[in-house]
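For reference, the structure is listed below as structure tokens.
The values are calculated or read from the model by the stated rules, or taken from the named source; none is laboratory data. Keep in mind that what you see is a predicted model, and the values were worked out from it rather than measured. With ideal geometry, Cβ positions are generated from the backbone for all residues, glycine too; neighbour counts draw on all protein chains shown.
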Amino acid sequence: MMHCQLYKENKMKINEVVAQINDKWFEQGSFKTFKKPAKEKYEIAQQAGTVQTLEGPVNYLAGHYIMTGPKGEKYPITPEKFHEMKDDLGNGIASPKKILKVAKLADHNGVIHTSWGDLNYTTGNDYIVRHGVNDYGAVKKDIFAQTYDISQA
């Protein structure tokens, strides 16, 4: 009985290592993409807080940009990321810069640990987007189809 339990625990640990999101995970089955041009609303947080994103709760600090997605969902980004990834059109409106990224449909369930919070993803329901070296995000499949170019998928 003890052997069976140890086998299950070890198998879970092995699966966690195999399923880990890293740059190597994108080597097979991924494709190049970029965000489609669109007008996105934002507001600048006046104080620290937490916003409930589609992937779970995410903390933010005063000065972070709280973006509104295509389904009315909210998500925070740092001022540095905002200026790196968005063109500010003024009056609380921004548009994504055309930045080439790599994406892949999740082939396992998991959590991406980011500097701004943990993002849950599930097999076949979320795309994992590689923004840069060791910098990943999770995007729901329907939102990905609306906001990203999928011509190379």
Exactly one condition in (1) over 20 Å from ASP23 (Cα atoms); (2) at pLDDT below 95; (3) in contact with a His (Cβ under 7 Å, 6 or more places away or on another chain) is false for GLY137; which is it? (1)
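Looking only at the stretch 111-131, which residues are assigned to a strand (DSSP E or B) and either among the acidic types (Asp, Glu) or at positive phi (or both)? Before the answer, list the steps.
So the first thing to find is which residues in the stretch 111-131 are assigned to a strand (DSSP E or B), and the list is 111-114, 117-121, 126-131.
Passing the criteria: GLY117, ASP118, ASP126.
Does ILE77 satisfy the condition of being under 21 Å from TRP25 (Cβ atoms), at pLDDT below 95 and of a type in the set (Val, Ile, Thr)?
Working: under 21 Å from TRP25 (Cβ atoms): no; at pLDDT below 95: yes; of a type in the set (Val, Ile, Thr): yes.
For ILE77, the condition - under 21 Å from TRP25 (Cβ atoms), at pLDDT below 95 and of a type in the set (Val, Ile, Thr) - is not met.
Kindly provide the set of residues from the stretch 80-97 that are over 16 Å from SER115 (Cβ atoms) and either surrounded by fewer than 16 Cβ atoms within 10 Å (Cβ to Cβ) or among the hydroxyl-bearing types (Ser, Thr, Tyr) (or both), ordered by number.
First, the residues of the stretch 80-97 that are over 16 Å from SER115 (Cβ atoms): 83, 86-97.
Of everything in the stretch 80-97, those that are over 16 Å from SER115 (Cβ atoms) and either surrounded by fewer than 16 Cβ atoms within 10 Å (Cβ to Cβ) or among the hydroxyl-bearing types (Ser, Thr, Tyr) (or both) turn out to be HIS83, ASP87, ASP88, LEU89, GLY90, ASN91, GLY92, ILE93, SER95, LYS97.
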Reported set for the stretch 27-79 where residues are within 17 Å of LYS97 (Cα to Cα), of a type in the set (Gly, Ala, Ser) and loosely packed, with under 14 Cβ neighbours inside 10 Å is ALA38
Which ones in the stretch 98-130 are out of contact with any Ser or Thr (no Cβ under 9 Å at 6 or more places or on another chain), surrounded by 16 or more Cβ atoms within 10 Å (Cβ to Cβ) and not hydroxyl-bearing (Ser, Thr, Tyr)? ILE112, ASP126
Restricting the stretch 3-28 to residues that are at pLDDT 85 or above and either of a type in the set (Gly, Ala, Ser) or not in a loop (DSSP other than H, G, I, E, B) (or both), which is farthest from ILE112 (Cα to Cα)? GLU27
